[in-house]
Amino acid sequence: MNLMTKIYITLEKRALAFSVLLMMVLTTSLSGQDISNNKFGKGLQIVGADSSFSMKFSTRFQTLYQGELNLDNDEWNDRFLVRRARLKFDGFVYNPAITYKIELGISNRDHGGGDIDETNNTSRIILDAVVKWQATENWSIWFGQTKLPGNRERVVSSQKLQFVDRSLLNSRLNIDRDIGIQVRHNNKIGTQGVLKKMFSISMGEGRNITSANTGGYDFTYRVEYLPFGEFASKGDYFGSDLKREERPKLAIGVSYDVNKDAARQRGQLGNFVQDSNGNQFATDLSTIFVDAMFKYRGFSSMMEYGNKTASENVFATLGDGSTIKYVTGEAFNIQAGYLFKNNSELALRYTTLTPDNATFSGLREETQYTLGFSKYIVGHSLKIQSDLSYLDRTGTSNRLMYRFQVEVSF
């Protein structure tokens, strides 16, 4: 038996032994796997042996197809993409009255746009990192980065929307996330009514900013009134009447936000308003939101009005002659849907945008009409959604847009 033959036999024996060992490990792992008591859509939950902490881990993603038809030249453009992909952790630490939430965005759309000095030229992965202290039954204090108490549609999770995505009102005027402190208080009014008050002080420039404060601070005030009491399962903050409210439920909210010396186009969002020489412009941005949510026996409706104004009419001019303008003006959105007994829903939405100043505003006049269809397989945790929109835009071609999306959350 020559040397090469001996080497070949030795390698063959080792490969066989490795294969047997691998099969034993896999068999042991499969037969000994943990069967979780957690349910689909509720995440994976653990509690410390001494009950000093808890953690629930959940993940979700949205796969989207979007196509648009230019009605002037009949050109069709489309794409597939992962619209959102998130990792979420929440629970309590030390005491059940001290809770936390961490949410990370891992899709390109989630963390893109961080290639600027103000975010240290890094991806903006962190969406939420906030600790909440329930000081008393009615008072709570939040500290960290999370959504501001702005318009209802923005605070509703992107997992729990009635349509494929939020409205144009939200995408143009919302105040999004910021880092700072929030104080919240709830109390009852009469036999059924509930009054909720929220106040926040934040940096004013959005999430994941690492540089010193470029402008001033942001102040947000919000009041909500629920005349007929709380919705089932906090239904005033998710789309569609999945709980089929037995009695009419209504929530009315008003938010007022002031962003002092705002450095970005929309306050917490948009480009920093700087010219080609790096000169930073600033203006006070004031935003008002009025919104309402109504649900009853499968029917749901949501209305929002938003108005953003600037204290000064300024904009930055770049070397190529283009400009960076503050987004100011008003918008109105109303939508309604009916959930059938087979958990399918038809919904309609109407949205209109109007700039307040054609010279200085970065908002474009636009109207959108949308017809939506949703099939809820496991509530908002597993659903299929599609919608068809007609977009009437001033100064550019009108378009038809079709979207189809699958949401998976567990």
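The values are calculated or read from the model by the stated rules, or taken from the named source; none is laboratory data. Everything numeric here is computed off the predicted structure, so don't read it as measured data. Virtual Cβ from ideal backbone geometry, glycine too; neighbours counted across all protein chains shown. Only protein heavy atoms, including side chains, enter the accessible area calculation; ligands, DNA and RNA are left aside. Shrake-Rupley method; radii C 1.70, N 1.55, O 1.52, S 1.80 Å.
Computed quantities for the displayed model
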{"item": "Residues located in region 197-218, provided they are buried (at least 18 other Cβ atoms within 10 Å of the Cβ) and over 20 Å from Ala129 (Cβ atoms)", "result": "Thr214, Gly215"}
{"item": "Flag for Arg172 being under 25 Å from Gln62 (Cα atoms) and open to solvent by 20 Å² or more (accessible area, probe 1.4 Å)", "result": "yes"}
{"item": "Of all residues in region 257-275 being polar (S, T, N, Q) and in a strand (DSSP E or B), the one that is nearest to Asp241 (Cα to Cα)", "result": "Asn259"}
{"item": "Looking only at region 276-299, and only at residues there that are part of a strand (DSSP E or B), open to solvent by 70 Å² or more (accessible area, probe 1.4 Å) and out of contact with any Pro (no Cβ under 8 Å at 6 or more places or on another chain), the one that is farthest from Lys249 (Cα to Cα)", "result": "Ile288"}
{"item": "Residue list for region 64-110, filter: outside any strand (DSSP E or B) and open to solvent by less than 40 Å² (accessible area, probe 1.4 Å)", "result": "Ser107, Asp110"}
{"item": "All positions within region 341-368 that are in contact with a Leu (Cβ under 8 Å, 6 or more places away or on another chain) and loosely packed, with under 15 Cβ neighbours inside 10 Å", "result": "Leu346"}
{"item": "Scan of region 375-397 for residues that are surrounded by 15 or more Cβ atoms within 10 Å (Cβ to Cβ), among the polar types (S, T, N, Q) and over 16 Å from Asp78 (Cα atoms), ordered by number", "result": "Ser381, Gln385"}
{"item": "Pairs where the first residue, in region 195-210, is at positive phi and the second is among the hydrophobic types (A, V, I, L, M, F, W, C) and part of a strand (DSSP E or B), C-beta under 7 Å, 6+ apart", "result": "Gly204/Ala262; Asn208/Ile126"}
{"item": "Answer from Lys160, Lys188 - the residue that is farther than 20 Å from Ser255 by Cβ, open to solvent by 40 Å² or more (accessible area, probe 1.4 Å) and modelled with pLDDT of 95 or more", "result": "Lys188"}
{"item": "Pairs, first farther than 26 Å from Asp165 by Cα in region 240-269, second of a type outside the set (Phe, Trp, Tyr) and open to solvent by 50 Å² or more (accessible area, probe 1.4 Å), C-beta under 7 Å, six or more apart", "result": "Ala263/Thr214; Ala263/Gln280"}
{"item": "In region 367-410, the residues that are of a type in the set (Ser, Thr, Tyr) and either free of Cβ contacts under 8 Å to residues at least 60 places away in the same chain or closer than 20 Å to Ser58 by Cβ (or both)", "result": "Thr367, Tyr369, Tyr376, Ser381, Ser389, Tyr390, Thr394, Thr396, Ser409"}
{"item": "Region 117-152, residues that are open to solvent by 70 Å² or more (accessible area, probe 1.4 Å), assigned to a strand (DSSP E or B) and either over 14 Å from Ile102 (Cα atoms) or among the basic types (Lys, Arg) (or both)", "result": "Trp133, Trp139"}
{"item": "Region 223-243, residues that are surrounded by fewer than 16 Cβ atoms within 10 Å (Cβ to Cβ) and at positive phi", "result": "Gly229, Ser233, Lys234"}
